[in-house]
Amino acid sequence: MAYTATSDAQKTALLNQHKEKHFTAGEVVRDIIIGVSDGLTVPFALAAGLSGANASSSIILTAGIAEVAAGAISMGLGGYLAAKSEADHYARELKREQEEIIAVPDTEAAEVAEILAQYGIEPHEYTPVVNALRRRPQAWLDFMMKFELGLEKPDPRRALQSAFTIAIAYIIGGLVPLFPYMFISVAREAVIASVIVTLIALLIFGYAKGYFTGSKPIQSALQTALIGALASAAAFGMAKVVQG
């Protein structure tokens, strides 16, 4: 059924008839996944390794908290720099594309036509679109950034949000395996409780990660728990080998 031009009121009515429910918080979820996954795994492996070296619960807790603090700062800074680099890259490409539209407009218009042709649109169909974009420089620039370069305009607050989200997620994840050491003074007993608590947390986190990212939640839960278990077992075994 062909689409026909409609009034603003008719378009609004049509759009209101069907509300699309898409998951749009992908960047935030990605930051949470990065922070929590590392937060659960690294301090967990550290605590297990120190337990294998027969360190006391107080030493393990002190070292674990220090690692969580340092890890949160490091991970948050990494998230900030990554988001800042994306924003800087977008700004450079935006300036370059803007200059090209002014310097070689016919070439840029031909690129618009080529992009539209890739979608199976015929010349007599895309020519009015190309001409319409040429009359609207800002829309033309936005079109080229999105469809030629595949770049979305980054949120100017993205860098700080990413740093804060990753750091907080790392702290939350990192405190989970250390929790038993706060209440159990004997490290050999605390490490067992830490393993149980952390594996449960990894399973829950893995399931949630799979659910929000569109993969199989149960498979994601098992994979996440397996990775955490292997990391802690390797650290524990290495400590025993070095000690013995």
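The values are calculated or read from the model by the stated rules, or taken from the named source; none is laboratory data. Note that the structure is a prediction, hence the values are computed from the model and not measured. Please note: Cβ atoms are built from the backbone with ideal geometry, for glycine as well, and neighbour counts cover all protein chains shown. For the accessible areas, the whole protein counts, side chains as well, though only heavy atoms, and no ligand, DNA or RNA atoms are used. Shrake-Rupley method; radii C 1.70, N 1.55, O 1.52, S 1.80 Å.
For segment 140-244, the Cα gyration tensor yields ellipsoid semi-axes of 39, 17, 14 Å (square root of five times each eigenvalue, largest first, whole Å). For a paramagnetic label modelled on Arg188 (point 7 Å from Cα along Cα→Cβ), amide N atoms under 14 Å away belong, within segment 47-81, to 51-57. Mean residue ellipticity, 222 nm, helices only, the chain: the sum of -39500 (n - 2.57) across DSSP H runs of n ≥ 4, divided by residue count and rounded to 500, is -28000 deg cm²/dmol. Element breakdown for the chain at a 1.4 angstrom probe: carbon and sulfur atoms account for 66% of the accessible area. Stretching Leu230 away from Ile200 to a fully extended chain increases their span by 9.3 nm, per 0.36 nm per residue minus the current alpha-carbon distance. Placing unit charges on the Cβ atoms of the charged side chains and taking the dipole of segment 92-244 about its Cα centre, the candidate lying farthest along the positive direction among Gln161, Val241, Phe212 is Val241. For Ile73 and Ala132, the FRET efficiency from 1/(1 + (r/R0)^6), where r spans their Cβ atoms and R0 equals 45 Å, is about 0.35.
The relative contact order of segment 124-221 comes to 13 percent, based on Cα pairs under 8 Å that sit 6 or more residues apart. Positive-end ranking of Thr107, Val68, Ala48 along the dipole of segment 47-108, with charges on Cβ about the Cα centre, is headed by Ala48. Couplings for segment 49-66, taken from phi via the Karplus curve 6.51 cos²θ - 1.76 cosθ + 1.60 with θ = phi - 60°, read x, 5, 5, x, 8, 6, 6, 6, 4, 5, 5, 4, 5, 4, 5, x, 5, 4 Hz in order; Gly and Pro are left as x. The magnitude of the dipole of the chain, with charges of +1 and -1 set on the Cβ of Lys/Arg and Asp/Glu and taken from the Cα centre, is near 940 debye.
Here the 3J(HN,Hα) profile of segment 207-217, calculated from phi with Karplus coefficients 6.51, -1.76 and 1.60 at θ = phi - 60°, is 5, 5, 4, x, 5, 7, 8, x, 8, 6, x Hz, Gly and Pro shown as x.
Taking the centroid of alpha carbons for each part, segment 197-215 and segment 119-178 are 28 Å apart.
I need to check one value: relative contact order of the chain, counting alpha carbon pairs closer than 8 Å and at least 6 residues apart, in percent. Here the relative contact order equals 37 percent. What the Cα atoms of the chain give is an Rg and a Dmax of 26.1, 80 Å. The C-alpha atoms of the chain define a longest principal axis, and helix 123-134 lies at about 80 degrees to it.
Per-residue SASA remark: Lys84, around 80 Å² accessible (1.4 Å probe; ligands, DNA and RNA not included). If I take every Cα pair under 8 Å that is 6 or more residues apart in segment 166-244, average their sequence separation and divide by the length, what percent do I get for the relative contact order? 20 percent.
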